[in-house]
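This report refers to the structure that appears directly beneath it.
Nothing in this text is a laboratory measurement; each read-out follows from the coordinates by a stated rule. Computed from a predicted structure; not experimentally measured. Neighbour counts run over all protein chains shown; Cβ positions are idealised from the backbone, glycine included.
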Amino acid sequence: MENRYLVDSVRAERMTSAELRAAFLVEDLFTPGEVKLLHWEAERTIVGSAVPLGAPLELEAPAELKAPSYCARRELGVVNVGGPGTVTVDGATYPLARRDALYVGRGTRQVAFASDDSGQPALFYLVSHPCHADHPTKRVTEAESQTFQLGEPARANVRTLRRYIHPAALPTGQLVMGVTDLETGSVWNTMPPHRHGRRTEVYLYFDLDPDSVVFHFMGRPGETRHVVVRNLQVVLSPVWSMHFAAATSRYAFVWAMGGENQEFDDMQGV
């Protein structure tokens, strides 16, 4: 498991583009036939992926967790952004189509991932936080997600926001997770920008054309920096940083938050 450590806002304002990418961008997360994990110091967040091919992949506890199983003290959110597949949790199997999500509760002993077709493998995106209570595992399909239409064509920010893992749908310790889709012709997201003083957020950008890029803007108000992001890459967003993005074509992203407040509207506008 790779480890990343916190960067304060003063240091971030003096970092080069390469240093910003090394600190806040996860470039090569999805690897066929592997489970990959990255631990980020903020909220003890772990982001990861599982891309099963011929054989199922088990989610094992990295040595750094010093735990008998990955979810012994953690909750886990899974969103599939690839072909159809299944997640088996302590013997119970949950089918996940593209854009379906699964919440896995603390105390789970075994988690395994499989693809229905190795030619079109599932791409399971994982986000995990420490949890201090046991909550039941639950699947949430795209059709079951809480959906909102946002933005307007004149501002090039028409988008659909879907909440999957959130307090109105199921109990969790601190994890909140969903997907936002931009319409064709819209490129701006999260306008006006904001910060989350009580939560850390991470973004997986996907559905992006191979020749397209997202410009993810970050930093304190008045000290904007940006990171160039390609398809299936993750940006880590600390609490001091505002966040918004524009791209060279439409895109989608999985957003996930963890911290001391799960209220979606708990944000500080910029």
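General observations
- Exposed-loop-free span, longest in the chain, where trypsin sites (Lys or Arg not before Pro) count as exposed if DSSP calls them loop and at most 13 other C-beta atoms lie within 10 Å: 110-270
- Rounded to the nearest 20, the Cβ-based charge dipole of region 67-132 about its Cα centre (Lys and Arg +1, Asp and Glu -1) stands at 260 debye.
- Our estimate of slack between residue 60 and residue 25, defined as 0.36 nm per intervening residue step minus the Cα-Cα distance, is 10.2 nm.
- Computed about the Cα centre, the dipole magnitude for the chain is approximately 420 debye when only Lys and Arg (+1) and Asp and Glu (-1) carry charge, each at its Cβ.
- Spin-label model, residue 118 to residue 15: label points 7 Å out along the Cα-to-beta-carbon direction sit 3.8 nm apart.
- Couplings 3J(HN,Hα) of region 68-79, computed from phi: x, 8, 4, 9, 4, 10, 10, 9, 9, x, 10, 10 Hz, in residue order, whole Hz [Karplus 6.51 cos²θ - 1.76 cosθ + 1.60, θ = phi - 60°; x for Gly and Pro].
- Full-stretch length increase - residue 110, residue 226 - with 0.36 nm per residue and alpha-carbon distance subtracted: 37.9 nm
- For q = 0.29 Å⁻¹, Debye-computed log10 I/I(0) when each Cα of region 180-228 counts as one equal scatterer: -1.47
- Using only alpha carbons, the chain has a radius of gyration to Kirkwood radius ratio (Rg to Rh) of 0.94.
- Subtracting the Cα-Cα distance of residue 92 and residue 194 from 0.36 nm times their residue separation leaves 32.8 nm of extension gain.
- Estimated distance in nm for a label pair at residue 170 and residue 8, the labels positioned 7 Å out from Cα along Cα-to-Cβ: 3.9
- Across 23, 55, 72, mean-square fluctuation computed from a Gaussian network of the chain (C-alpha pairs under 10 Å connected) peaks at 55.
- Cα-centred dipole magnitude for region 1-140, charges only on beta-carbon of K, R (+1) and D, E (-1), debye, nearest 20: 300
- Stokes-Einstein diffusion coefficient of region 1-110, Kirkwood radius over Cα pairs, 20 °C, 1.002 mPa s, in µm²/s: 137
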